[in-house]
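Notes follow the structure.
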Amino acid sequence: MPRWGMVIDVKRCIACWGCTIACKEEHFLPPGVFFNRVLIGETGKFPTSSKLIYPVLCNHCTDAACVEACPTGATYIREDGIVVVDDDKCVGCRACLVSCPYQQRTYYDQKVKDREYFPGQGKTEMELLGEKLYPLKVGTVIKCNFCSERVDEGLRKGLTPGQDEEATPACVNACPVGARVFGDLNDPDSEISRLIMEKKGKQLRKEFGTEPAVYYID
Amino acid sequence: MEKRNELEEIMFPSDGSGVKPYEWMIQPTRQREWIDDKGIFLWLAFFFSEIGAGLYFVSLFYEYKAGLILGWLVTLILGGVIHVLYLGMPLRAWRMLMKPNTSELSRGIWIIGVFAALGFLQIVTAGSFNIVFNCIMGILCLLIISHGFATMNVIRALPAWSSTMVLPLSVISGVWIGHQILQFMFAVSGSAALASGMEVWAEVFFFVYFLCILLYVWGTWHSNEIGKESIKSLITGEYSKISLIGVLGLGIVLPLILTLIMWGGNTNGFLIFLRLASVIAGDLAMRYVIMKSAVYTPLI
Amino acid sequence: MTYKTDEIWEDKWVNTTCGVCYCGCACRVRVVNGVPVKVEGIEESTMGGTRGGLCGKGIAGLMYYHDPNRIKKPLRRTNPEKGFGVDPKWKEIEWDEALEEIATRMKKIMEDNPNKILFTNQTMRASDGPHNHLYFYAKAFGIPNNGNFIIGGGSLHCGNAAHMLGGLIHGAWSIAPDWRYTKYVLKWGSSKGTGSGHSAMINARLRADGVRRGLKEIVFDPMGNFAGGKATQWVPLLPGTDTAVGLAIANYILNTRGEIDELYLRAKTNFVYLIREDGTFVRDKETDKPFVFDEKAKKIKLFDDESIAFEDFALEGDFEHNGEKCRPCFMALKEHLKQFTPEWASNISTVPVATILEVAKGWVDNAQIGSTITIEGQTFPFRPVSSVTFRGAQGHSNGIHQVASIDLISQLVGAEDVPGGTMGWPSIRRRYPGGQYERMPKVGKDGVIVPSVFYSHDPWPVHPPSYPCTNSGCVEFWSHSTLSHIPYVKEKNYIQEKFGVEKVQPEMIFGIAVNFLISQSDWDVALDNFKDCFVVLSDIWVNETDQAIGDIILPDTSYLEKDTWSSEIDSFFFNGSPSYEDWYVHLQKPVAKPVGESRDFMNVYLDVANRVGVLDKYHELLNDYYSITDEKLQLKSGEVLTWKEIGERILTWVYGDDKEKIQEQGFATWHKPIEDVYWRWNMKTRCPVYMEFLIHDRRAAEKIMKDTGFEIEMDMDQYGPLANWFWPTSHKELDDEYDLLAFSYRDILHTNNSTFQNPLIDEVSQMSPYTFTITLNKGLADEKGFKDGDIIWMENKYGTKENGIVKTMEAQHPKVLGVCGQGGLWADKRPIAKGKGSNFCKLLPSYLRHYDPITGNIETSVAVKIYKG
């Protein structure tokens, strides 16, 4: 069984926000909701300071705080390691949301659903269509699912996630500088495992102890 | 809240988080889901279920059925209903019983369920104040009292909540306020002697409560940098007014004065009422600022 | 991939070309039930990022289609008063009425003088479309030299100096490192490979692979953000002082280390041309060709004498020709450079001496002078060092010297258009196999390359300043301006009067999607200069310029609704890959139906040309431009075709039998021979590094100024043949009160101001710390008592001010403040953009002294004071 994970090469990343916006289009997310973000900061002092750019998304942790906190079992880890929310079981208590040290979850309520990209001007055709194509359930918590629909559908078609675009998360495809690699952490020969080994991949805030499946290399 | 310039409001519309969008998880970022907007329900729910259980707990010692009934009702009706209203999918609330093995929240729901059933049994059964029943109910009460803060306490992502003093503080606050309600009930129901007799415990509970708050502040400050950020926002930051007037003024100083006035059992109904109102307001403020000031560790 | 429902009757992907910035990356759009819902790159294409990657703003481009603020019908101003804050009182009118009014006015003006019509174009607009056709469209009206073009956003985006030298050295519009082979890159005020510039995502992809391979990037920039923030080493310096550091490095290479690529200098530059005492070339009277000295034959010969071997062109020596002393101009360079010590450069730029020396040493050490590399069986000189610049460094009143000194570093080690070196954008376009259209640069006067395509004013051959000028750009006088600055200059009327243009005062502006009023320089000057014109603009929204001075606004289609078959056929030299990878040409195919009654501006232009009676002339120009010789395909007089119908013919000409296939898949790909990439040693050209023509230009210009009594002071010393140091105007205006230099830079999220109206970009802009804010060095902010979130005003010496929100950062020079691009917008019909960011452009004073006297490049930094608002 694969364990899906991601490597983000921060040396390549130029903070274009392609991942963030592609993800929004892929999942028809309303304004203010992000499954992908880019954190931009600085370290050091002038003139030797350096810019920090960290694209972040759900880490699909092995010891996920959200899964532990969920009282209903709606949030669970699939066999392939992807952390998902079953919106038929979620009661919207938001324990998962509060528990996530990476803050990668969003509570989807009517207020969020009603947001318009052009405030006060009504929803665009795209937003309306999105509600049909990718229906989100009001009163539940939503999050990055590593584009599990793409992964599952791709595998069904015999494609390889991480290699075939159709079976790969949208943010990975979108990246113009190839900063994202998606693949199987369990396969020692996969590109992702190789990169983590060779470039000493690090998890973001490893000290939180949740064992993220997203690694950073620089 | 700081008055925002129009320019700022246009470019970075305030979302109530107190940080600009580009500071999110780069600066310590405040927990909002469990206090802002509808999250305020959770603050009330935790408070009511805990003081209800506190009242029930203290009433056990005085074998006072009216206290049991009121405590039971407050815990379940006010605490429970408000809690369910907070949920995104209230009709599915029963699903929260599904994961008691991992979820503190789920365990809490079970305990409330057992408390509801056994408490009902104790209330309707004559002669139910036996030692075994009392012990079971006492333990259940303590678990419920600490339920809210225990749910918060397990969240490692928020150092201000996972601080070691959170649980003792929550237990004493439930017991102290429960005790105050009962003392007031006695005072107004013509049992002035009982009320006066309770004052010695009031003195003890009050000082323990006071001590626990101090220890919470001291402990969280010294826990780590992020815990320190939370305490800073309590003492000097955005919430300092609520901390000063609510927690310090109403939760500590005024009750202290009243306790000194009534020292040695020199109680009267009005002063007991005044102290009750004061400690309820103080405790609400204490819970509010603790929930409001918890921040996440920046990711980079 | 998403959940399907029964209500979906169409779900397809359409290949097209991104139109959010001028780079034109390959993109494909998912269309569901006729509605575009997602944008991606095209995996099979290298026209863009890695594996079909696309940048954020490209992906967000969808919103240009969905914006409810799009104009649906032509609008006519009913309030005759124009200006900022004046309600134009728009009235919707029918297309026919609008076009008839435009044509009638044009015809009337043309009876008098067509030069009274100004044309505008802007390469960074949401409506996109063909980038270059408008230049020769204007020619159909009888307007030569593009002197009547006003460019929007020129201050922040166009690079007159960079384009001029790009054309002269590389026959190209711009330059980039050869990312694939380079090891050491100096970037001067440019973000190539880290966000913007031409072929932005192609460069970003190639750069990312390069840094992974271990290349070192040294970035000279006032700010450590997009380029500096990603650099191996960020070197903070004051804006406009790059020349000083560049000259000091050149001095180190030539005089301290003495390690230069002699063969290259002898073979590929004009440093071997003999000059007299006054610096001008010694020329043959008959052919006007410059002389050189053949060291082997010990004889003076014409520069293109085939009998001289490359290594025998003398770089040094004192000779005599017809009794006149002469020497190779290289000697003048050598002496000239000696004055530029690292200490001197450090004083000007604030870059520490040690850093200058360290970088200079790294440059020479990495240049591997003398080494070669064999690729695809061909051997080339291998110079894995590259020095590149663009808008940042060149955008100063000393712009030409900035660019020339940055180029000089590459010249000295022979790192031009060879593997690892500094590359021009493709200067060659090979025909598609079986197709017809090919463009090759030529070798012009003095052996200088003549670009095969160049938008606007050709860089070579040069013509000396002359007068009277015939158009409002006065390009006869400013003969090196790619696009003229004069329409924006405060003293415009005086200049035009002196140079004899007063009789062609512009009466009409006809253009597309430009927001030139607020995106160039001082708004009031621009308003003053243009408000009396009858202004007709095509756009998808009513922008600030439209609202302030527009008379008729025509609803354009966005790039998602356009059929722009010509996009990259024409702009290979603009956004093709400069690296060794296949040619890729993408078509822009409509993915959705036009919004409202909007029409593709090219169809509108054809309609107007027809009504005015110049359509046949335009057809001729098109036939000529694409060199169509097949009579069946030629556009004939009397024909009235749509842009798409014209495309059918031209695509057949360009792609031959594969036309249908290419139209179907939306792009074409074919092999790029390696010698087309590294063409330098295959083409008999010489870089005019010694800009002798400027000596003559100076004489001509000074004479005109004297003859006409032209009294505005210009820094005429800049008309010199060698890169030299001149203080930028902004530095001259610094004093105790106006103590900071404000500068602007491009944010990866924004192209001009069109992107400000895109809500997907808007929300991530809010999450990006520097995009909507004014950045200040942290130490400076502390010293001045400012902190993050403060509202401050920036005010220039002329009383113009702009406010914004402070964001402090460590990675910024403590004497500057940075503002990204063109915020501070206020058009009522662009609610998302309204109020976001700060407008930097308005702070730029627009007196003639603020422009590069040679190229007309505006000074893009400005002395300001700041105070709390």
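Results for (1) among the aromatic types (F, W, Y); (2) within 14 Å of chain C (Cβ to nearest Cβ), shown as yes or no for each residue.
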site	(1), (2)
B:I10	no, yes
B:S17	no, yes
B:T29	no, yes
B:I35	no, no
B:L44	no, no
B:F48	yes, no
B:Y56	yes, no
B:L60	no, no
B:I77	no, no
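Would you confirm, using the coordinates I've provided, whether B:A157 is within 22 Å of the chain's Cα centre (by Cα), free of Cβ contacts under 8 Å to residues at least 60 places away in the same chain, within 24 Å of B:V295 (Cβ to Cβ) and surrounded by 19 or more Cβ atoms within 10 Å (Cβ to Cβ)? So B:A157 does not fit the description; no.
Based on what the data block shows, is C:S191 within 14 Å of chain A (Cβ to nearest Cβ), closer than 27 Å to C:L408 by Cα and either in contact with a helix residue (DSSP H, G or I) (Cβ under 8 Å, 6 or more places away or on another chain) or at pLDDT 90 or above (or both)?
So C:S191 passes the test.
If the condition is being closer than 26 Å to B:A294 by Cα and either more than 9 Å from every other protein chain (Cβ to nearest Cβ) or polar (S, T, N, Q) (or both), then the stretch A:85-104 contributes A:V85, A:C96, A:S99, A:Q103, A:Q104. Candidates are the residues of the stretch A:178-218 that are closer than 24 Å to A:W17 by Cβ and in contact with a Ser or Thr (Cβ under 6 Å, 6 or more places away or on another chain); the one that is surrounded by the fewest Cβ atoms within 10 Å (Cβ to Cβ) is A:G178.
When C:K57, C:K38 are screened for being under 30 Å from A:A179 (Cβ atoms) and assigned to a strand (DSSP E or B), only C:K38 passes.
None of C:V819, C:V862 is in contact with a Leu (Cβ under 7 Å, 6 or more places away or on another chain) and either surrounded by fewer than 24 Cβ atoms within 10 Å (Cβ to Cβ) or part of a strand (DSSP E or B) (or both) except C:V862. Filtering B:F129, B:F61 for residues that are crowded, with 16+ Cβ neighbours inside 10 Å and farther than 23 Å from A:V67 by Cβ leaves a single hit, B:F129.
Residues in the stretch A:185-218 that are under 18 Å from B:I300 (Cα atoms) and in contact (Cβ under 8 Å) with a residue 60 or more places away in the chain: 15 in all. Scanning the stretch C:303-313 for residues being closer than 17 Å to C:D446 by Cα and surrounded by 16 or more Cβ atoms within 10 Å (Cβ to Cβ) gives a total of 3.
Of all residues in the stretch C:828-859, those being under 30 Å from C:Y719 (Cβ atoms) and part of a loop (DSSP other than H, G, I, E, B) number 12. Out of C:P814, C:P853, I need the residue that is closer than 26 Å to C:W727 by Cβ, surrounded by fewer than 23 Cβ atoms within 10 Å (Cβ to Cβ) and not polar (S, T, N, Q). Which one? Matching residue, one of C:P814, C:P853: C:P814.
Among the residues in the stretch A:169-184, are any within 9 Å of chain C (Cβ to nearest Cβ), part of a helix (DSSP H, G or I), without any contact (Cβ under 8 Å) to a residue 40 or more places away in the chain and not charged (D, E, K, R)? The answer is no, given that none of the residues of the stretch A:169-184 is within 9 Å of chain C (Cβ to nearest Cβ), part of a helix (DSSP H, G or I), without any contact (Cβ under 8 Å) to a residue 40 or more places away in the chain and not charged (D, E, K, R).
For the stretch C:763-777, the candidate set comprises residues that are surrounded by 24 or more Cβ atoms within 10 Å (Cβ to Cβ) and part of a helix (DSSP H, G or I); within that set, the residue that is farthest from the other protein chains (Cβ to nearest Cβ) is C:S765. C:K91 meets all of the listed conditions (1) under 33 Å from the mean Cα position of the chain (by Cα); (2) among the charged types (D, E, K, R); (3) not in a helix (DSSP H, G or I) but one, namely (1). In the set C:W583, C:W565, C:W643, only one residue is more than 30 Å from C:K73 (Cα to Cα), of a type in the set (F, W, Y) and either within 27 Å of the chain's Cα centre (by Cα) or surrounded by 21 or more Cβ atoms within 10 Å (Cβ to Cβ) (or both); that residue is C:W583. Would you be able to say whether some residue in the stretch C:354-371 is in a helix (DSSP H, G or I), under 23 Å from C:H163 (Cα atoms) and among the acidic types (D, E)? Looking for residues that are in a helix (DSSP H, G or I), under 23 Å from C:H163 (Cα atoms) and among the acidic types (D, E), one finds none in the stretch C:354-371, hence no. Taking the conditions (1) touching a Cys at 6+ places or on another chain (Cβ under 8 Å); (2) away from chain A (no Cβ under 12 Å) in turn, B:M89 satisfies each one other than (2).
If the condition is being buried (at least 17 other Cβ atoms within 10 Å of the Cβ) and at the interface with chain C (Cβ under 8 Å from one of its Cβ atoms), then the stretch A:109-124 contributes A:Y117, A:F118, A:T124. Determine if the stretch B:2-25 includes at least one residue that is closer than 30 Å to C:I832 by Cβ, at pLDDT 95 or above and outside any helix (DSSP H, G or I). Looking through the stretch B:2-25, at least one residue is closer than 30 Å to C:I832 by Cβ, at pLDDT 95 or above and outside any helix (DSSP H, G or I). Quick check: is even one residue across the stretch C:57-66 more than 11 Å from every other protein chain (Cβ to nearest Cβ) and out of contact with any Pro (no Cβ under 6 Å at 6 or more places or on another chain)? The answer is yes; a qualifying residue exists.
Scanning the stretch C:190-238 for residues that are of a type in the set (G, A, S), touching a strand residue (DSSP E or B) at 6+ places or on another chain (Cβ under 6 Å), in a loop (DSSP other than H, G, I, E, B) and in contact (Cβ under 8 Å) with a residue 60 or more places away in the chain returns C:S190, C:G224. The set of residues in the stretch B:92-104 that are within 8 Å of chain A (Cβ to nearest Cβ), in a helix (DSSP H, G or I) and within 13 Å of A:G73 (Cβ to Cβ) comprises B:R92, B:R95, B:M96, B:L97. Summed over the stretch C:235-266, residues that are farther than 26 Å from C:G370 by Cβ and aromatic (F, W, Y) total 0. When you look at C:K108, is it closer than 26 Å to A:G122 by Cβ and either more than 11 Å from chain A (Cβ to nearest Cβ) or surrounded by 19 or more Cβ atoms within 10 Å (Cβ to Cβ) (or both), yes or no? Answer is no for this residue.
From the list C:E713, C:E737, C:E702, the lone residue that is closer than 27 Å to C:I792 by Cβ and either in contact with a Cys (Cβ under 9 Å, 6 or more places away or on another chain) or charged (D, E, K, R) (or both) is C:E737. Filtering the stretch A:15-33 for residues that are more than 8 Å from chain C (Cβ to nearest Cβ), part of a loop (DSSP other than H, G, I, E, B) and within 22 Å of B:I300 (Cβ to Cβ) leaves a non-empty set.
Of the residues making up the stretch A:54-77, one or more are more than 12 Å from chain B (Cβ to nearest Cβ) and buried (at least 20 other Cβ atoms within 10 Å of the Cβ).
Looking only at residues in the stretch B:119-154 that are closer than 30 Å to B:V289 by Cβ and of a type in the set (G, A, S), the one that is modelled with the highest pLDDT is B:G138.
The values are calculated or read from the model by the stated rules, or taken from the named source; none is laboratory data. These figures come from a predicted structure and were not determined experimentally. Please note: Cβ atoms are built from the backbone with ideal geometry, for glycine as well, and neighbour counts cover all protein chains shown.
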